[in-house]
Amino acid sequence: MKAIRIHEFGGPDVLSIDDIPVPKPNKDEVLIKVHATSVNPVDWKIREGLRKTKFPSKLPLTLGWDVSGVIEELGEKVGTFRKGDEVYGRPEPTKNGAYAEYIVVNANQISIKPTNIGHTEAAAVPLAGLTAWQGLFDHGLLKEGQKVLIHAAAGGVGTYAIQFAKCKGAHVIGTASAHNIDFLKRLGADEVIDYNMEDFEKVLKDIDLVLDTLGSEIQLKSIDVLKAGGRLITTLMPEYVAESKAKKVHLIGFTAQSIPDQLTEIAKLIDNGKVKPIVEKVLTLTDAKKAQIESEQGHTRGKIVLQVV
């Protein structure tokens, strides 16, 4: 089978198209024929060696930690799925990923995919969707009627966070560039701040929750817009612990976990028409280098998907 792997850490040129054997599932794993995968920042951060400590991996390594596809083979102890099931999920980041024609995944990391969308859109959901869900609800404790600020709202995580927060009944505010304002309002944002024209920290106050995927000075400025007891949830390193304590703000960093029950809840929202995956571009598996370069530029609306089948 074909797989996009790295044999060393570095820039996009270290991505290699390799022919390797189809993996065999262990007793608690399933073999999935990959129909589509998507590109996340963690892909190229691992490729560059930036996440070696957090996600120790053996080289050569197949990248890609989103998958949508069909179960081809079951491990002997897997009783929750059947051959032919259409599934989606976020594989374990320390193991080989889904930039490949086949992948083995632990059965407790996947769920039946949404039925009203194809594999291309479904592949855009797991990692970004789980990150948004866990950031807002597990760590952010978002409740109906609260005000939430979502940074990089037009990105992969942001587009789901806008929709999830709106489904919860929150007042949703996003930061984005001017050309994404109308787009985000159609997704459900009540307010959108053009970060090129306005300083969010000067126009917002008494926010209950901030979801930060940018870090650095954005994280620091976010402390000032939160009310006492508010929550600043970041997907990056919590950099301003002392400042947050001084303002009586809860600063929490997290990495999304693969929780099938949450994938099932997200699938229900998609199938009920309340949430829509946003796919900006679909490329082929062999275009992984191009896809990662575009992802690194940081201006993708929603997700870039790699079509495998």
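The values are calculated or read from the model by the stated rules, or taken from the named source; none is laboratory data. Small disclaimer: the values here were computed from a predicted structure and weren't measured. Here the Cβ is made from the backbone with ideal geometry for all residues, glycine too, and neighbour counts use every protein chain on show.
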Exercise. Do we find a residue being over 18 Å from the mean Cα position of the chain (by Cα), crowded, with 24+ Cβ neighbours inside 10 Å, within 27 Å of Ile304 (Cα to Cα) and not charged (D, E, K, R) anywhere in segment 178-194?
Worked result: yes
Problem set entry | Residues of segment 213-248 that turn out to be part of a loop (DSSP other than H, G, I, E, B) and farther than 17 Å from Ile173 by Cβ, as a count | 9
For this session: For residues that are assigned to a strand (DSSP E or B), among the acidic types (Asp, Glu) and surrounded by fewer than 17 Cβ atoms within 10 Å (Cβ to Cβ), scanning just segment 1-56, find the one that is nearest to the chain's Cα centre (by Cα).
Result: Asp18
Exercise. How many of the residues making up segment 159-205 are in a loop (DSSP other than H, G, I, E, B), closer than 26 Å to Pro126 by Cα and among the polar types (S, T, N, Q)?
Worked result: 1
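Let's see how each residue does on (1) touching a strand residue (DSSP E or B) at 6+ places or on another chain (Cβ under 8 Å); (2) among the hydrophobic types (A, V, I, L, M, F, W, C); (3) surrounded by 12 or more Cβ atoms within 10 Å (Cβ to Cβ); (4) on the phi < 0 side of the Ramachandran plot:
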site: Asp208; (1), (2), (3), (4): yes, no, yes, yes
site: Asp212; (1), (2), (3), (4): yes, no, yes, yes
site: Ser222; (1), (2), (3), (4): yes, no, yes, yes
site: Ile233; (1), (2), (3), (4): yes, yes, yes, yes
site: Met237; (1), (2), (3), (4): yes, yes, no, yes
site: Ala256; (1), (2), (3), (4): no, yes, yes, yes
Exercise. Is it the case that segment 189-197 has a residue that's within 23 Å of Gly215 (Cα to Cα), in contact (Cβ under 8 Å) with a residue 24 or more places away in the chain and among the small types (Gly, Ala, Ser)?
Worked result: yes
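For (1) surrounded by 17 or more Cβ atoms within 10 Å (Cβ to Cβ); (2) outside the structural domain of Val14 (by TED's automatic domain parsing), each residue gets a yes or a no:
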{"site": "Gln262", "(1), (2)": "yes, yes"}
{"site": "Ile266", "(1), (2)": "yes, yes"}
{"site": "Ile270", "(1), (2)": "yes, yes"}
{"site": "Leu283", "(1), (2)": "no, no"}
{"site": "Ala291", "(1), (2)": "yes, no"}
{"site": "Gly298", "(1), (2)": "no, no"}
{"site": "Arg301", "(1), (2)": "yes, no"}
